[in-house]
Amino acid sequence: MAQLSRILGSVLRDIVSAQHEANLYSLSLSDTYNKDGKARDFQLPNVVVSDMEMDIKYGIKGDSNTQQQFNIEYSKFRVFIRSLCKEISEEIIETSTETIMNSEIIRKPSTKSFFIKLKNSPKVRKDFSSFLSRNILNGLRLNINELIDKTDGKVKKGIVEEKVIEIIIDRFILDDDLEELFSGKSGEELKEEVIQNIKQVVSNQIESRIVNQNFKSLNTFPQLDVAITSEELASMPQEAIHSFKLKFSPRNYTLTQIESEYEDYVMK
């Protein structure tokens, strides 16, 4: 007795595997072409499985079992991290500005000008918060598959926290525009204080936001036990035999790895 889902899955895998094997063979011809200078740049044959249709006849014997399928709700998770990035950015600006402005470190007034603007200008604060939030969000999106535990659907706090802190420090604290502010021994001490405060803020925000958050969904499907061989179908009444039409239309997609696209902000 066979299951319909396994039969259809096997057919689709075989079609994809056939095209893959053909392309590998085509690629292997490049060595042969390269041996002859005249054929070195000869275009390799590209194998594409054209549209095909299959008509599979089967008879249902029963649906005694059910199959549970777990999925990660990435669309829901993207909404979550977008909100998380916004909240973190706003609080990071608050704590960093407070730390810098309350510092007794002796510096030219111009070195703190950006933090003065953050404190006194709602527009600058809003613009920089959006900038920081977008950078954090872009960084998390590039690693989105690593941020959720596939077994229970919970957020991997350690990984999210590490990535968020890394981006904030790189795009904010280590920016060349703040080099003069954090120069010298006293500047290094101030920078370390800011970084420690940032780590605490990020940890607290993530800890509070992921409580009771779960991005795993469970779907239950019946498993159809079917007869597919001619001998089995011959013994079944005609009204018990069904037909499944499968149309396979492959498309060519170019898969590329997304590069990290971080923005820059002039903090003057």
**Request:** Quick one: residue 220 ticks every box in (1) surrounded by 13 or more Cβ atoms within 10 Å (Cβ to Cβ); (2) under 36 Å from the mean Cα position of the chain (by Cα); (3) part of a strand (DSSP E or B) except a single one, so which number is it?
**Result:** (1)
**Prompt:** With respect to the numbered conditions (1) surrounded by 12 or more Cβ atoms within 10 Å (Cβ to Cβ); (2) modelled with pLDDT under 80; (3) touching a strand residue (DSSP E or B) at 6+ places or on another chain (Cβ under 7 Å), which one is the sole condition not fulfilled by residue 57?
**Reply:** (2)
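Of the residues 148, 198, which is over 16 Å from residue 95 (Cα atoms) and out of contact with any Leu (no Cβ under 7 Å at 6 or more places or on another chain)?
Testing whether each residue is over 16 Å from residue 95 (Cα atoms) and out of contact with any Leu (no Cβ under 7 Å at 6 or more places or on another chain) leaves just 148.
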**Prompt:** Say we look at the range 163-184 and pick out the residues that are in contact (Cβ under 8 Å) with a residue 60 or more places away in the chain and outside any helix (DSSP H, G or I); which of these is nearest to residue 203 (Cα to Cα)?
**Reply:** 175
**Fill in**
Every listed condition ((1) at pLDDT 85 or above; (2) surrounded by 10 or more Cβ atoms within 10 Å (Cβ to Cβ)) holds for residue 211 save (2)
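The values are calculated or read from the model by the stated rules, or taken from the named source; none is laboratory data. This one's a predicted model, so the numbers in the text were calculated from it and none came from an experiment. Don't worry about glycine lacking a Cβ; one is built from the backbone with ideal geometry, like all the others, and counts go over all protein chains shown.
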